[in-house]
Amino acid sequence: MAQTIRIYALSTCHHCSSAKELLDERKIPYDCVYVDRLYAEERNETMALLRTLNPVMSFPTIVIGDKVVVGFSRDVLEEALKDYPH
């Protein structure tokens with residue numbers, strides 16, 4: 001079974017959109033969590049998880065298996081995807 005890629009994003013973030021576009025171009029499936037659209041306990045739980053993955057709390061935060069990519073750099077994201085089974 002393939003790893004799940006999850007993007008923690010803000011709905012208004014240009015870098016988040018760019019990361020999603022790269023995955024879409026490569027036809028790589030992912031889950032996107034728009035943190036700014038969460039409420040109450042779901043938001044609190046997600047924020048707590050994000051603090052462990054990315055203490056700076058910047059976006060996007062992209063989780064690929066056991067790798068965490070913070071921010072958007074095409075080269076860095078492509079490198080992280082190199083071993084992604086798809």
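The values are calculated or read from the model by the stated rules, or taken from the named source; none is laboratory data. Please read all numbers here as calculations on a predicted model, not as lab measurements. Positions of Cβ are backbone-derived with ideal geometry, glycine not excepted, and every protein chain shown enters the neighbour counts. Ligands, DNA and RNA are excluded from the accessible area calculation, which covers all protein heavy atoms including side chains. Shrake-Rupley method; radii C 1.70, N 1.55, O 1.52, S 1.80 Å.
Among the listed residues Ala40, Ala48, which satisfies the condition of being at positive phi, exposed (fewer than 14 other Cβ atoms within 10 Å of the Cβ), free of Cβ contacts under 8 Å to residues at least 60 places away in the same chain and not polar (S, T, N, Q)?
From the options Ala40, Ala48, the qualifying one is Ala40.
Going by what's in this entry, would Asp31 be described as of a type outside the set (A, V, I, L, M) and open to solvent by less than 80 Å² (accessible area, probe 1.4 Å)?
Judged against the criteria, Asp31 is a match.
Identify, please: which residue in the range 51-79 is closer than 16 Å to Cys16 by Cα and either among the charged types (D, E, K, R) or assigned to a helix (DSSP H, G or I) (or both) and is, among those, most open to solvent (accessible area, probe 1.4 Å)?
Asp75
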